[in-house]
1. What does the highest-first list of 23-35, 141-153 look like by mean Cβ count within 10 Å?
2. Between R49 and L105, what length comes free when the chain is fully extended (0.36 nm per residue of separation minus the Cα-Cα distance, one decimal in nm)?
3. Order of 56-66, 71-81 by packing, highest average Cβ count within 10 Å first?
4. Can you compute the charge dipole magnitude of the chain about its Cα centre, using +1 on each Lys and Arg Cβ and -1 on each Asp and Glu Cβ, nothing else charged? Give it in debye, rounded to the nearest 20.
5. How many percent of the alpha carbon pairs in the chain exceed a separation of 24 Å?
6. Report, by chain and number, residues whose modeled amide H sits under 5 Å from the one on Y97, excluding near sequence neighbours (fewer than 5 apart, same chain).
7. How large is ³J(HN,Hα), in whole Hz, for each residue of the stretch 122-134 in order, when computed from phi with the Karplus curve 6.51 cos²θ - 1.76 cosθ + 1.60 and θ = phi - 60°, using x for Gly and Pro?
8. Need one number for the stretch 57-97: average projected area of the convex hull over its C-alpha atoms, nm².
Amino acid sequence: KTGYVQTRDKTWVKAFKSTYKRHGTLNLFAALNVATGEIKGQTTQTKTREDFRQFMASIIEDEPPQREIHVILDNYCTHKRNDDWLADLGRPVYFHYTPTSASWLNQIEIWFGILSRKTLKQASFSSTSDLKNAIEAFISRHNQQAQPFKWRRREVKGAQIKNTISNLRN
């Protein structure tokens, strides 16, 4: 089915109905071991606090009981208000939150970007099962050669600074 859309300059343009069909969505909980670069992930149909707690319990159970576990999280609502759950664990698990609008500090966000570019972008999945399989396959491939992310300071040359200043002026 087609229609027409009028643009800002009053030109009429033929519009086509999109043929894109979403076959469902999944939520992905993922944890990055910053020391090894290994990812643990779990897909869920929903993104509730209980889903989050179940995922965290699966991460925690793989660690020795005496080991302190520090989890860096963004400020998403399911990550908050878990103090009672943490207290009931009976082991040292601590949640730390990145400041609002500072997700770049959380290294799992780097990995989410890689997943998106290498597996999800421009992809088409005929079902949530296909999507889940693609995510799990990517995690498996990633973990085969997992390495920690390394922060580095980029060397900036004089010409780059000049171009940056010139761009800011324009």
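Read-outs throughout are calculated quantities, based only on the coordinates presented, and are distinct from any laboratory measurement. Here the structure is a predicted model, which is why all the values come from computation and not from measurement. Cβ: placed from backbone, ideal geometry, glycine included. Neighbour counts: every protein chain shown.
1. 23-35, 141-153
2. So the extension gain works out to 17.9 nm.
3. 71-81, 56-66
4. It works out to roughly 1440 debye.
5. Across the chain, Cα pairs with separations above 24 Å total 56 percent.
6. L73
7. My calculation for the stretch 122-134 gives 6, 8, 10, 10, 7, 7, 5, 5, 5, 4, 4, 4, 5 Hz in order.
8. 2.8
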